[in-house]
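Derivation of every value follows stated rules applied to the coordinates shown; laboratory data play no part. Predicted model, so just to flag it, every value in this text is computed and none were measured. Cβ sites come from the backbone with ideal geometry, for glycine too, and all protein chains shown count toward neighbours.
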Amino acid sequence: MTPSFPSLRLRRTRVTAWSRALHRENILTPADLIWPVFVTGGTGVEEPIGSLPGVSRWSLDLIAKRAKEAVGLGIPCLALFPNTPADKRSDDGREALSRDNLMCRAIRAIRDACGSDIGILTDVALDPYTSHGQDGLVDGAGYVLNDATVEVLVGQALNQAAAGADIVAPSDMMDGRIGAIRQALEADGHHNVQIMSYAAKYASAFYGPFRDAVGSRGLLKGDKKGYQMDPANGEEALREVALDLAEGADSVMVKPGLPYLDIVRRVKERFEVPVFAYQVSGEYAMIEAAAAVGAGERDALVMETLMAFKRAGCSGVLTYHALLAARLLGR
């Protein structure tokens, strides 16, 4: 039955495009995007990643070109991940501390190409550097050692900051690492280097293609459930966020993205701080697979999922679709 009160017609504001734009509650812009990119060695090298169609590893010269492309599209920040050569990986991940590792060289290449026109976010964790694929140092039984790992992570963060990183992003999920890194950055004079903490990083099935990209999938011995979070837990995520903020994090991240939008919303409402989400490799791959078989239209799927992050409360999103989304938004 049609209501007798015309004021109840909620469709009225949806009839025209201008009205929909006027009443839109959330806005997505290129400034909301962080583009994760993979670094490899050599010159003029582009290595397509089979499980991430459309994504490649790039050598330093091509990474610099990608950074310029991002600047031109209004993307404010790149997130860097290295594919460390096998002969540079070790049980103790010592390559993470080298001033000449792929990460540090990529930071300098981007800075030389773009100056301060783009932010550089760096991953702080040992899995791209260890021969066993874990995010930290392990004992004889394969247990990831917390405090010994934190000591190395502090050195890694200082190394990246010295190379020119704007944001260090610890993704390891070791206890106490945010406070230790913040204290070390301050003591070393890096007062303006931000920390974006992977505060709620779950032991997820959605990370597989990423491990292919950084070359750790075939190396990983065991799993990461002893330090990454149980997907069944929500309250624990709030405790993790509270600890990381108290220790000096400037912003926090929820990872993966779409399966954990409830966590994004709870964190935003509880703490009222900048919250980011990582639309991880498995999420990207599913969209690409759906588009490839005609189960959905790529552009529409990408834009709808990114808007879901904004609606849930994200300040920004790390997404492999950043370049595509920025182009669509610029039309």
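Our analysis of the range 229-326 gives Rg over Rh at 1.02, with the two radii drawn from alpha carbon positions and Rh computed by the Kirkwood formula.
Adding -39500 (n - 2.57) for every DSSP H run of four residues or longer, then dividing by how many residues the chain holds, sets the calculated 222 nm ellipticity at -12000 deg cm²/dmol. Compute the separation of the alpha-carbon centres of the range 276-331 and the range 203-224 and state it in Å as a whole number. First find each Cα centre; the distance between them is then 22 Å. Extension gain for SER56-GLU25 works out to 7.7 nm (0.36 nm per residue, less the C-alpha to C-alpha distance).
Here the label points at ALA292 and GLU235, each 7 Å from Cα along the C-beta direction, are separated by 4.2 nm in the simple model. When all alpha carbon pairs of the chain are counted in 20 Å bins from zero, the resulting P(r) reads 31, 58, 10, 2 %. Go ahead and run the numbers for FRET between ALA300 and ASP87, Cβ-Cβ distance against an R0 of 51 Å, rounding to 0.05. Once rounded, the FRET efficiency stands at 0.70. The peptide list 44-54, 270-280, 203-213, put in order of mean Cβ contacts within 10 Å with the highest first, becomes 270-280, 203-213, 44-54. For the chain, the longest principal axis of the C-alpha atoms and the axis of helix 60-73 are separated by about 20°. Straight-line cross-link reach from LYS310 at under 26 Å between alpha-carbon atoms covers these lysines, not counting any fewer than eight positions away in the same chain: LYS68, LYS201, LYS255, LYS268. For the pair GLU272 and ALA187, the difference between a 0.36 nm per residue extended length and the Cα-Cα distance amounts to 27.8 nm.
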